[in-house]
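Beneath this line is the structure, given in structure tokens, with notes to follow.
No lab work stands behind these numbers, since they all come straight from the coordinates. What you are looking at is a predicted structure, and each value in this text was computed from that prediction instead of being measured. Here Cβ is always computed from backbone atoms with ideal geometry, including for glycine, and neighbour counts include all displayed protein chains.
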Amino acid sequence: MRYDLVIFDNDGVLVDSEPLSNTLLAAYLTELGHPTSYEDSLRDYMGAAMHRVHDLIEERTGERLPADFDAVFDGRVFAAFERELQPVPGVEEVLGKLTADGVPYCVASSGSHERIRVGHRTTGLDRWFDDGRVFSSQDVGRGKPAPDLFLYAADMMGVPPRKCLVVEDSPLGVQAAVSAGMDVYGFTAMTPAERLAGADRLFDEMGELIGLLQSRS
């Protein structure tokens, strides 16, 4: 079966942002008195919307993060993106192939629209994603692992969930795709394969995705 829509996660799938953002998140939480290692941040927050950070900290400590937490964190992340962010190797080749073959695609990210756009402008991926191809958890109110974002993206692109493929690198994202009734391929470049065990297929280099998609044609 050929997919009628390929839905990409953004962080870690299109742009190599997870090491940067999780390093900064762990440092900021620790600075605020909530000791967090890089590994803790990957385990607890990778693939999640910012409300999960607030919810888990309050659940675990009974304390709320500062009102300006998101704004301060975004400022640090965006500055790091502009200095260091790179596209995931091979992703432009994949996008070029999808375009050449006439396969619709979009991005559905737990990150804000601003975060997506800053990352895409910095890496040059903005030429592949006009506004009609960009969806954020801001659009639906609930981030992954809820299926809302993927279902919204599919609806806006006019494709039934069963005809969609999601490309994800986080357990929360895989869970969201499965809950949405979509196939999901797990990208294991920085996530251990066993943590993405719910995915239909696993791959560790983005260029492999072209062959996986062709095998479904």
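Kindly state, as a whole number, the per residue volume in cubic angstrom of the convex hull around the alpha carbon atoms of region 18-84.
Numbers: hull volume 5.3 nm³, N = 67.
Convex hull of Cα atoms, per residue: 79 Å³.
For the chain, what is the mean residue ellipticity at 222 nm derived from helices alone (per DSSP H run of n ≥ 4: -39500 (n - 2.57); sum divided by total residues; nearest 500 deg cm²/dmol)? Walk me through the numbers before you get to the answer.
Working: 9 runs with 98 residues, N = 217.
-13500 deg cm²/dmol, from helical runs alone.
Neighbouring Cβ atoms within 10 Å as the yardstick, rank 37, 17, 110, 179 fewest first.
Working: 37 13, 17 26, 110 29, 179 17.
Final ranking by Cβ density, sparse to dense: 37, 179, 17, 110.
Give me the dipole magnitude in Debye, nearest 20, for region 18-84 about the Cα centre, with unit charges on the beta carbon: positive for Lys and Arg, negative for Asp and Glu. Provide the component values of the computation, followed by the final result.
Values: 6 positive and 14 negative charges, 8 e Å.
Dipole magnitude for region 18-84 comes out near 40 debye.
DSSP loop (so not H, G, I, E, B), at most 14 other Cβ within 10 Å: list which GluC sites (Glu not before Pro) in region 140-207 pass both filters. If you can, show how the numbers build up before the last one.
Working: sites: 168, 194, 205; in loops: 205.
Within region 140-207, the qualifying GluC sites (Glu not before Pro) (loop, at most 14 other Cβ atoms within 10 Å) are 205.
How much length would be gained if the chain were fully extended between residue 38 and residue 78, taking 0.36 nm per residue of separation minus their Cα-Cα distance, in nm to one decimal? Before the final figure, lay out the partial values.
Details: separation 40, 0.36 × 40 = 14.40 nm, distance 1.84 nm.
Length gained between residue 38 and residue 78: 12.6 nm.
What is the Rg over Rh value, at two decimals, for region 30-130, using alpha-carbon atoms and the Kirkwood definition of Rh? Working shown, then result.
Numbers: Rg = 16.6 Å, Rh = 15.8 Å.
With Rg and the Kirkwood Rh in hand, the quotient comes to 1.05.
Would region 76-157 count as rounded, prolate or oblate if I go by the C-alpha gyration tensor, calling it rounded below 1.5 in a/c and otherwise prolate when a/b exceeds b/c, oblate otherwise? Kindly include the intermediate steps, with their values, before the conclusion.
Numbers: a/c = 2.16, a/b = 1.07, b/c = 2.02.
Oblate, because a/c is 1.5 or more while a/b does not exceed b/c.
Return the percentage of antiparallel bridges among DSSP beta bridges fully within the chain, rounded to the nearest 5 %.
Numbers: 1 of 19 bridges.
Here the antiparallel bridges make up roughly 5 percent for the chain.
Find the relative contact order for the chain and round it to a whole percent, using C-alpha pairs within less than 8 Å whose residues are 6+ positions apart. Before the final figure, lay out the partial values.
Values: 361 pairs, mean separation 57.1, N = 217.
About 26 percent, as a whole number.
I need the Kirkwood Rh of the chain: take the reciprocal of the average 1/r across all distinct C-alpha pairs and report it in angstrom. Working shown, then result.
On the way: mean 1/r = 0.0575 Å⁻¹.
Taking every pair of different Cα atoms in the chain, averaging 1/r and inverting gives 17.4 Å.
Does anyone have the angle between helix 18-31 and the longest principal axis of the chain? Alpha-carbon axes, 0 to 90°, nearest 10?
Approximately 20 degrees, to the nearest 10.
Treat every Asp and Glu Cβ in the chain as -1 and every Lys and Arg Cβ as +1, leave all other atoms uncharged, and give the resulting dipole magnitude about the Cα centre to the nearest 20 debye.
Numbers: 20 positive and 36 negative charges, 100 e Å.
Here the chain has a charge dipole of around 480 debye.
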